[in-house]
1. Of everything in segment A:107-128 that's touching a helix residue (DSSP H, G or I) at 6+ places or on another chain (Cβ under 7 Å) and within 8 Å of another protein chain (Cβ to nearest Cβ), which residue is nearest to residue A:181 (Cα to Cα)?
2. Out of the residues in segment A:145-175 that are over 28 Å from the mean Cα position of the chain (by Cα) and exposed (fewer than 14 other Cβ atoms within 10 Å of the Cβ), state the one that is farthest from the other protein chains (Cβ to nearest Cβ).
3. Give just the number: which of (1) modelled with pLDDT under 90; (2) within 14 Å of chain A (Cβ to nearest Cβ); (3) under 18 Å from residue B:41 (Cβ atoms) does residue B:146 not satisfy?
4. Evaluate the following for residue B:25: is it crowded, with 19+ Cβ neighbours inside 10 Å, in a helix (DSSP H, G or I), out of contact with any strand residue (DSSP E or B) (no Cβ under 6 Å at 6 or more places or on another chain) and within 14 Å of chain A (Cβ to nearest Cβ)?
5. Looking at segment A:87-106, which of the residues that are within 10 Å of chain B (Cβ to nearest Cβ) and touching a helix residue (DSSP H, G or I) at 6+ places or on another chain (Cβ under 9 Å) is farthest from residue A:195 (Cα to Cα)?
6. Restricting to segment A:219-237, what's the tally of residues that are under 17 Å from residue A:186 (Cβ atoms) and either touching a strand residue (DSSP E or B) at 6+ places or on another chain (Cβ under 6 Å) or crowded, with 19+ Cβ neighbours inside 10 Å (or both)?
7. Among the residues of segment A:176-189, which ones are away from chain B (no Cβ under 12 Å) and in contact with a strand residue (DSSP E or B) (Cβ under 9 Å, 6 or more places away or on another chain)?
8. Would a scan of segment B:112-119 turn up a residue that is within 14 Å of chain A (Cβ to nearest Cβ), crowded, with 24+ Cβ neighbours inside 10 Å, assigned to a helix (DSSP H, G or I) and out of contact with any strand residue (DSSP E or B) (no Cβ under 8 Å at 6 or more places or on another chain)?
C-alpha cells in the first residue's frame, strides 16, 4: 500500500478514536447522500402475539409499502383499528416489525433504532406529560434524554414555549392546562431535539374545534419551516387541511394513495347528495333510487342514503319525482369521507 | 427562529454504542424530578423508620433490658437498630421500585416518553435502578447517623452498613421493578406489601434472633433475603463480622440483585417494545 495513503488512514483512524461523534456523523451523512426518500417501508407487517391461549394472533398491519419525502406532510387516514397506530409505533422504532423493512434517514429501523430515534419527534395520543412539574420543566427534563446542556435546553424551551403560545403558563403546573394546551406542550416537547421527522398520532382527537384550529395553524407553521410531518387521523377535514399526500388504511392494508384532491377525483363523484330519514324507516327509498338509476353509487347507512352524483340538485329533484320524502337533504362537494366510503363500504367514524 | 431540522445539533450527536450514556441520561431525569419532589419522600423513607427505632429500641429495649440471654450482654437497641436498618432498606427498595415503575409503565407514564428518545429499555431500567440505589443509600446514611448518635453501634465497621443496606434494598428493588413492569396494577402492589414485606419484616430477625424460632420457621427465615441483609448489617454494626460470613451474605444479596436485573431487562423490553 502507498505510504501516504497508509499514513492518512492511520491519522483518520486516530482522529476517529479521538472524536467518535464527528466520525459517526460523517458516516451518517455518507449514508444519507444517495437516499432521496426520508422513509421507505416495504412489505411492512405487524402481528401481535395472542394475549392468552384462547385468542388468536392479531395481524394489525398486513404488508404495506410507502415512501416519504423530505418536507412533505404525509397522512394515514382510516378508522380505529385500521393499523395506523401500529404503523406509527414501528416508524418510531419502538415496535419491532414482524415482516418487511423500514429505512428511515438511510438507516435500518431494525438495527439503528437508537440513532433514528435521536432524530425523530414523537407525539403520542396520550400526552404523557409530568403533572407534578411545571410547563417549562416538562421541556427541560426532556432535554436530558438527548444530552442537551442546560443552556441549550433552556434556550430551546423558551423558543418552543413561544411557538406553542404557552409563555404565560411557563411556571404553571401541567395539571392546570386545558386539553389543547397540553397537546401543544406535547408537540413543543417533541421538537426539543430539532427532529428531521415529526410523528403525530391523532394529534387533534379529543380537542374542541377552536383548539383543533390553533393546532392546525401550528402544524402548518412547522410544515412551512420544512419539518417533515407524518400524522394519523380519522378526520377527513384534518387530512384535507394538512396532508400533501396520504394513504387510506383499512384492516391493515393500504387501499388508496394520493393527494386529497387526487383521491377525491379518483374515488368519488363531483357532488354528493345525502338524504336523511328516521332510523326506523325501511329500505324502500334506496331500492327506488337504484331502479331509477339516479346516481353513480349509493351507500345505505343507518338513517341516511349517500348518493354520488355529478349534479346533486338534479338527483334530488329526481328523488322527489319518485315520491321520496326525506326528513332532510344536503347537497355538498365530495370529501375524503366519501372516498373512504366507496373504498370500504363503511363510514370513518362509526 | 428555527424549530426545524439541524443535523449539526448536539441532540443528534450519538455514537451507535453509547454504553452507560443512556443510563446516565435516564438517571439525570430522575434526579431532576427528585429535586422538585423530594419533600414528599422524607417522611416515609426516613422519619418512619426513625420512629420505629426510637419506639422499639428505646421503649421496648427498656423492657427487655441488657440481660436477655440471647442478646449476649448487648443492649436491645444495639441489637435491633442494624436489623431495622436492613428492614427499612428493604422497604425503601420496594417503595422506590413498585409504585414508580408501575406508574411509569402505565399508559401516559414517563417510560412511554423515554422510549421514543435515543434511550432503549435497558437504559431506562438501569437509570431508574441507579436512582433507586441512590435513594436507598441516602435513607440508610441518615439512619446510620442517628444510630451512631444514639450510641447504638459498637464498631467503626458500622460505616460498611451503608453499602450493605443499599445492597439489601437493591436485592429487593430489582426483582420488584421486573415484576412491576409487567403487572402495572396498583392493587397488586398493595398485595406485595401485605404478603411479602410484612412477614419478612416480622420473621427475618429484625426484632429477635431467628435462632429462637421453631426449626421449620427458622430454616425458612435463613432462606429469606432479608435475614441475610439483617445479619450482614448487624455483624458490621456490632463488630462481629467475619470475612467469610459477610461475603456469603453479600453474595446471596448480589445474586438476587443480578437475577432481578436479568428479569427486569426482559420485562422492560417486552413491555415497552410492543
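The values are calculated or read from the model by the stated rules, or taken from the named source; none is laboratory data. Computed from a prediction, not measured in an experiment: that's the story for all the values here. When we count neighbours, we look across all protein chains shown, and the Cβ atoms used for this are built from the backbone with ideal geometry, even at glycine.
1. A:127
2. If we take residues in segment A:145-175 being over 28 Å from the mean Cα position of the chain (by Cα) and exposed (fewer than 14 other Cβ atoms within 10 Å of the Cβ), then A:168 is farthest from the other protein chains (Cβ to nearest Cβ).
3. It is condition (2) that residue B:146 fails.
4. So residue B:25 fits the description; yes.
5. Selected residue: A:96.
6. Of the residues in that region, 8 qualify.
7. A:183
8. Among the residues of segment B:112-119, at least one is within 14 Å of chain A (Cβ to nearest Cβ), crowded, with 24+ Cβ neighbours inside 10 Å, assigned to a helix (DSSP H, G or I) and out of contact with any strand residue (DSSP E or B) (no Cβ under 8 Å at 6 or more places or on another chain), which makes the answer yes.
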